[in-house]
Amino acid sequence: MNQESPDLRPTDNNQPAEEKKTLRLTGLPKAPVVAHEGVPRAIDVEKSILALVTTDPVTYIDNCKLRGVNKDFFYLPAHQLLWEIFESRYAENQPLDIISVSQYLQDSNELDAVGGISGLAQIYSFTTTGAFFEYHIQILRDKYMLRSLIDISNKTIESAYSWNDEVPILLDSVETSVLKVREVLDRGGEKRTIAVITDEAITRLEQMLVHKGEVVGLATGFDVLDRMTNGLKGGDMFVVAARPSMGKTSFLLNIVEHVALEQHKKTLMFSCEMPDGQIVERLLFARSGVRRNEVMSNGLNKQQTVNIFQVVKELKEAQLVIDDTAGISINELRARARRVMRELGGLDLIGIDYLQLMHSYTRQAQNSREREIAEISAGLKALAKELKVPVIVLAQLNRGPENRTGKSKGVPQMSDLRESGAIEQDADMIGLLYRSAYYAEDEEERQKHGGHANLYLAKNRNGATGDVPLHFEAELMRFSPRERDEHDAEE
């Protein structure tokens, strides 16, 4: 195989060409790299791929693009330029023969940038075979990844010396940059065409027809809610908002229980308010049907003991992670979620209790609580999209429901979301949880409403909105579905 050719490198009488290079990484921060002979590269591999492209552009350009190759995968600027020209001429159905390409380079005053006619001829005459194409593409991708990591590392070192903001912000930035390198490779580095996206939509439609009436996404355990949303889907941010004492933590735990214990899915819950021990205790009582007051008064009978130990067994076997870090920042939460996803080998659901107990430590956030909440909300939505996991976020409402009168007393609205309209904007779904009995003016009215509760799905980007009738059993801290009755019309 041919050796590296110096005439393809940009030259300068005063300074070696490699010392002037900067590595360019698509979609990532640019940082100067101290170039030396150890910079990962495979020049002959680059020549081989470019030479194959000239012989059969239909086969090899399409195959390269399917594997995410772009100009930044090539180390030499001359090769980057040639890839861009080959790709654009192929897209415009123009010939890639050496005469046409050299004329194009002359007309655009770029012939010298590829080493002149002799440099161009080296590509067209390079000895190679398509039998090694897959192997060479893998080498090209590996070298690109290594240069990308060097780029990120250099920028990290530079930033670390001069960083004067919160350290977790830098850590999150570095982790995000590294993940982007993998995403470029995993996603093929190219935007998906409308044809591909349309085919996927048709596939989903076919699945809906085949599985008519079945939930496509992740089931919550509440049938009406599942029908309205068609299940929770990766990338969705579902905000469940309520006033204090409405049972929003219990509602989230009911969904977590159903996903982790019934469906055996990988689940992560962040509890900013309640210790992990209390979370597990709630799950024990709610799932076993054993009431805390009965245990405190009478102990456990034989059946209750069996029930408790059955739930203990299920919890120990569940792929459920509970993080009870108080006052967690959005950057730290995102970093921990990524780590748990790596450790579990995936994630199916993330629950967060609750948004207003989180923090953002950017300078802008320190000056405005509204700005801080907006950054947290946007960060959670970004997390859902990045990990392709549904995220359920609990949020606090302001006093609006309590200030209403008549039949509207206690009934929440989206405008009651505390401190920021950004939550309303970022969320894919918003459920407003309330219990009528909590606002009853006398015991008779309280008895009439009993354990009635409602989740009003006020926003649903991909489906219907409306009421989800629920029953709340306070002693078990548990919601369950219920049929509509005459009281729902009044509520």
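A few comments on the model shown:
- Alpha-carbon spread of region 60-117, three principal axes, descending order, Å: 30, 26, 14
- The mean sequence distance of close C-alpha pairs (under 8 Å, at least 6 residues apart), as a share of the length of region 236-353, puts its relative contact order at 44 percent.
- Restricted to Cα atoms, region 197-341 shows a radius of gyration and a Dmax of 18.1, 61 angstrom.
- Arg227, Arg371, Arg243, Arg478, reordered so the largest accessible area comes first (probe 1.4 Å): Arg227, Arg371, Arg478, Arg243
- Ellipsoid equivalent to region 342-384 - semi-axes via the Cα gyration tensor, in Å: 25, 10, 9
- Once the Cα-Cα distance is subtracted from the 0.36 nm per residue extended length, the Arg369 to Gln310 segment shows a gain of 16.8 nm.
- When region 314-388 is reduced to its Cα atoms, the Kirkwood hydrodynamic radius in Å: 13.4 Å
- Between Ser108 and Gln278, the C-beta separation translates, for a Förster distance of 45 Å, into a calculated FRET efficiency of about 0.05.
- Listed residues Val196, Val167 arranged by accessible area, highest first, probe 1.4 Å: Val167, Val196
- Mean-position separation - Cα centroids, region 347-408 and region 66-134, in angstrom: 50 Å
- P(r) weight above 19 Å for region 58-158, C-alpha pairs, percent: 50 percent
- Cut-off 16 Å, label 7 Å out along Cα→Cβ of Trp163, residues of region 350-387 by amide N: 361-363
- Counting only protein chain heavy atoms and rolling a 1.4 Å probe, the accessible areas of Ile308, Ile49 rank, largest first, as Ile308, Ile49.
- Across Lys47/Lys143; Lys233/Lys313; Lys233/Lys316; Lys71/Lys155; Lys143/Lys388; Lys385/Lys459, pairs whose alpha-carbon gap is larger than 23 Å: Lys233/Lys313; Lys233/Lys316; Lys143/Lys388
- Probe 1.4 Å - accessible area at Ser88, Å² to nearest ten: 40 Å²
- Note on Leu205: accessible area approximately 90 square angstrom, rounded to 10, probe 1.4 Å, nucleic acids and ligands left out.
- Computed over region 37-119, relative contact order equals 26 percent, with contacts defined as Cα pairs under 8 Å that lie 6+ residues apart.
- Solvent-accessible area of Val216, all protein chains in place: 80 Å² (probe radius 1.4 Å, heavy atoms, ligands and nucleic acids excluded).
The values are calculated or read from the model by the stated rules, or taken from the named source; none is laboratory data. As the structure is a prediction and not an experimental result, all values here were calculated from the model. Cβ: placed from backbone, ideal geometry, glycine included. Neighbour counts: every protein chain shown. Please note that ligands, DNA and RNA were not included when accessible areas were found on the heavy atoms of the full protein model with its side chains. Shrake-Rupley method; radii C 1.70, N 1.55, O 1.52, S 1.80 Å.
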